[in-house]
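The values are calculated or read from the model by the stated rules, or taken from the named source; none is laboratory data. On a predicted model such as this, the values are computed, not experimentally measured, just so you know. Every residue, glycine as well, gets a Cβ built from its backbone with ideal geometry; the counts of neighbours run over all protein chains shown. Protein only, heavy atoms only, side chains kept; ligands, DNA and RNA dropped before computing areas. Shrake-Rupley method; radii C 1.70, N 1.55, O 1.52, S 1.80 Å.
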Amino acid sequence: MPVQTLQIHKLTWINIGSLREEHVNYLQEKFHFHPLDLKDCLEGVQRPKLDVYKNYLFMIFHFPRFDPETRRVGINSVNFFLGHDFLISIANEPNEFITNYYQRLEKKAQRQFPYDPFKNSAGYLLYKLVDGLYHESLPVVNMIGQYLNDVEEDVYSNQNKQATTNLAIIRRNILSLRRILEPQIKMVDRLVNIENQSIPQKLGVYIDDVHDYMENSWSALENYRDAVDSLYDTNESFINQRTNDVIKMLTTISVALLPMTLLASIYGMNIVGLPFADHAVGVWIIFGVMAAIVAGSIYFARRNNII
């Protein structure tokens with residue numbers, strides 16, 4: 001993807017969809033960024049970070065991405081170089097929100113809208129992009145809440161096998177979201193309180209609003225994690241109860257069949273003079289005795305709540 005450059009009054013926004021070596025050389029020659037920052041951009045997904053320099057800020061933001069086919073939460077990484085009058089955005093993969101926002105702002109710039117020293121600043125543009133990206137990606141947290149309601153119905157309707165699988169998927173996604181959000185919250189909090197010419201004091205209130213939104217999402221994830229743990233324990237209790245019922249049933253059948261096995265073993269011996277051995281209906285008498293023993297064993301087990 002070629003470098004997109006948008007000039008809005010005194011502000012320059014450079015958007016790069018996928019960084020390559022020629023882009024690195026361009027940025028190095030034009031802006032003299034630190035080589036380690038450019039290296040981080042080339043290496044793809046890193047941990048969120050904020051590096052403060054005299055003339056610019058370098059930031060790596062992570063935004064969750066949900067894949068409905070695999071039902072997994074992944075990461076979209078976007079790097080920003082923020083200066084007094086420029087913003088450079090670099091996504092590790094095509095980002096639809098940034099592309100659409102760039103096109104809307106480009107049309108707006110063509111109409112030559114009035115200059116606003118605050119809203120036409122690089123810091124405010126950074127806020128709009130970060131705020132929009134989080135509001136677009138973090139609804140996955142609410143999606144997890146909906147999945148939890150469905151899984152709860154599965155647990156209490158004894159669909160234990162499906163519930164166990166879904167609980168494992170939800171738990172994995174919650175862990176992934178926590179890994180994304182935890183370092184980001186600290187980084188955004190640091191950005192709120194930073195003293196830099198690229199971040200005017202007035203902008204701190206706006207960035208703090210993003211921080212509050214992330215905090216609310218973090219609190220929701222904490223609640224969902226507790227709910228998943230509780231549902232997991234409940235589901236395990238139901239599975240253990242059903243397993244115990246099956247074991248009790250099998251044990252009762254084994255005990256009931258034990259006399260039959262004993263009689264079959266005795267009458268299978270080559271011993272002369274066994275009772276009813278030569279009787280015309282002896283075998284039916286023996287079957288009747290064994291059936292009575294089995295019925296008596298089952299009646300005893302039911303009466304004592306064994307099965």
Worksheet item: With +1 on each Lys and Arg Cβ and -1 on each Asp and Glu Cβ, how big is the dipole of segment 97-221 about its Cα centre, in debye rounded to the nearest 20?
Response: 500 debye
Practice prompt. Treating only the Cβ atoms of Lys and Arg (+1) and Asp and Glu (-1) as charged, compute the dipole magnitude of the chain about its Cα centre; round to the nearest 20 debye.
Written response: 140 debye
Discussion item. Around Gln103, under 15 Å between beta carbons, what's the net of Lys plus Arg minus Asp minus Glu among the other residues?
Written reply: +3
Discussion item. Could you work out the relative contact order of the chain? I mean the mean sequence separation of Cα pairs under 8 Å and 6+ apart, divided by the number of residues, in percent.
Written reply: 15 percent
Worksheet, complete the sentence: Once both label points are put 7 Å beyond Cα along the C-beta direction, the Gln197-Arg302 separation in nm becomes 9.0 nm
Worksheet item: Which residue, Ala91, Ala220, Ala292, tops the fluctuation ranking in a GNM of the chain built on C-alpha contacts under 10 Å?
Response: Ala292
Worksheet, complete the sentence: Once Lys and Arg are counted +1 and Asp and Glu -1 for all other residues with Cβ under 9 Å from that of Trp218, the total becomes -2
Response to the item:
Of Ser237, Ser219, Ser254, the most mobile residue in a GNM of the chain (C-alpha springs, cutoff 10 Å) is Ser254
Practice prompt. Compute from the Cα atoms of segment 21-64 the Rg and the Dmax, the latter being the longest Cα-Cα distance, and quote both in angstrom.
Written response: 10.9, 33
Response to the item:
Farthest towards the positive end of the dipole of segment 173-224, among Pro183, Gln201, Met214 and with Cβ unit charges of +1 on Lys and Arg and -1 on Asp and Glu, lies the Cα of Pro183
Practice prompt. Quick one: among Tyr147, Tyr26, Tyr224, which has the greatest mean-square fluctuation in a GNM of the chain with alpha-carbon springs under 10 angstrom?
Written response: Tyr26
Worksheet item: In cubic angstrom, how much convex hull volume per residue do the alpha carbon atoms of segment 1-94 span?
Response: 107 Å³
Worksheet item: Relative contact order of segment 1-62: what whole-number percent is it, with Cα pairs under 8 angstrom and at least 6 residues apart?
Response: 19 percent
Discussion item. Cβ neighbours within 10 Å, averaged per peptide: list 12-19, 59-66, 225-232 in order, most packed at the top.
Written reply: 59-66, 12-19, 225-232
Fill in: C-alpha long axis of helix 139-156 to longest principal axis of the chain, angle in °
10 degrees
Worksheet entry | Of [x] 0.97; [y] 1.79; [z] 1.20, the label for Cα Rg over 2.2 N^0.38 Å derived from the coordinates | [y]
Response to the item:
Relative to the chain, whose Cα atoms define the longest principal axis, helix 122-137 and its Cα axis are tilted in degrees, nearest 10, by 20 degrees
Item to complete: Could you pull the accessible area for Glu222 with a 1.4 Å probe, rounded to 10 Å²?
Response: 50 Å²
Response to the item:
With every protein chain kept in place and a 1.4 Å probe, the residues Glu29, Glu21 fall, from largest accessible area down, as Glu29, Glu21
Practice prompt. Select from Gly268, Ala292, Ala256 the residue farthest towards the positive end of the dipole of segment 184-307; place +1 on Cβ of Lys and Arg, -1 on Cβ of Asp and Glu, and compute about the Cα centre.
Written response: Gly268
Worksheet item: To the nearest 500 deg cm²/dmol, what mean residue ellipticity at 222 nm is calculated for the chain from DSSP H runs of n ≥ 4 alone, each contributing -39,500 (n - 2.57), summed and divided by the residues?
Response: -21500 deg cm²/dmol
Response to the item:
The pairs in Lys54/Lys108; Lys128/Lys202; Lys39/Lys202; Lys30/Lys202; Lys161/Lys248; Lys39/Lys119 lying past 24 Å Cα-Cα in this model are Lys54/Lys108; Lys39/Lys202; Lys30/Lys202; Lys39/Lys119
Item to complete: Calculate the all-directions average of the projected area of segment 91-207's alpha-carbon convex hull, and give it in nm².
Response: 10.1 nm²
